[in-house]
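What follows is a set of notes on a single structure, which appears directly below.
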Amino acid sequence: MDRMSHMDQIFLNKITQIVDNHIDDEEFGVKELCRELGVSRSKLHRKLNLLTGKSTSQIIRFGFNC
C-alpha cells in the first residue's frame, strides 16, 4: 500500500500507544493486544501484514522499525 489512509495511521498509532503502555509487561502478547483493540487475531494479523509487511508479534517485540 503506497499511501496509507488517515484511519490506517490512527490504527497504527493506537497499536503503538498500547504496546508502549505495556512495554514492561512480559505477559503482554498478541492476545492482549487484540483484546485492547477489540479485533480478532486474524483480522489484526491481516491488517498489520497489509500495512507494514510485519506480523503482530514482530510489532510487539520490535516495533514498526524492525
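The values are calculated or read from the model by the stated rules, or taken from the named source; none is laboratory data. Note that this is a predicted model, so its numbers are computed, not measured. We place every Cβ from the backbone using ideal geometry, glycine too, and count neighbours over all the protein chains shown. Areas reflect the complete protein model, heavy atoms only, side chains present, ligands, DNA and RNA absent. Shrake-Rupley method; radii C 1.70, N 1.55, O 1.52, S 1.80 Å.
Assorted remarks:
- For the set I60, I15, I10, solvent exposure ranked by accessible area (probe 1.4 Å, protein chains only) runs largest to smallest as I10, I60, I15.
- Computed from backbone phi, the HN-Hα couplings of the stretch 47-56 come to 5, 5, 5, 5, 7, 10, x, 10, 7, 4 Hz, rounded to whole numbers (Karplus: 6.51 cos²θ - 1.76 cosθ + 1.60, θ = phi - 60°; Gly and Pro given as x).
- Accessible-area order (highest first, 1.4 angstrom probe) of the listed residues D20, D25, D8: D20, D25, D8
- Label-to-label distance for K31 and K14 is 2.2 nm, based on points extended 7 Å past Cα in the beta-carbon direction.
- For the chain, a crude dipole built from +1 on the beta carbon of Lys and Arg and -1 on the beta carbon of Asp and Glu, taken about the Cα centre, is about 440 debye to the nearest 20.
- The relative contact order of the chain comes to 29 percent, based on Cα pairs under 8 Å that sit 6 or more residues apart.
- Extent along principal axes [Cα atoms of the chain; Å; largest to smallest]: 34, 23, 17
- The stretch 1-20 and the stretch 32-66: distance between their alpha carbon centers, rounded to Å: 10 Å
- Most positive-pole-ward Cα, G63, L51, C34, against dipole of the chain from beta carbon charges: L51
- Karplus-based coupling profile of the stretch 26-32, in residue order and whole Hz: 5, 8, 6, x, 4, 4, 5, with θ = phi - 60° in 6.51 cos²θ - 1.76 cosθ + 1.60 and x standing for Gly or Pro.
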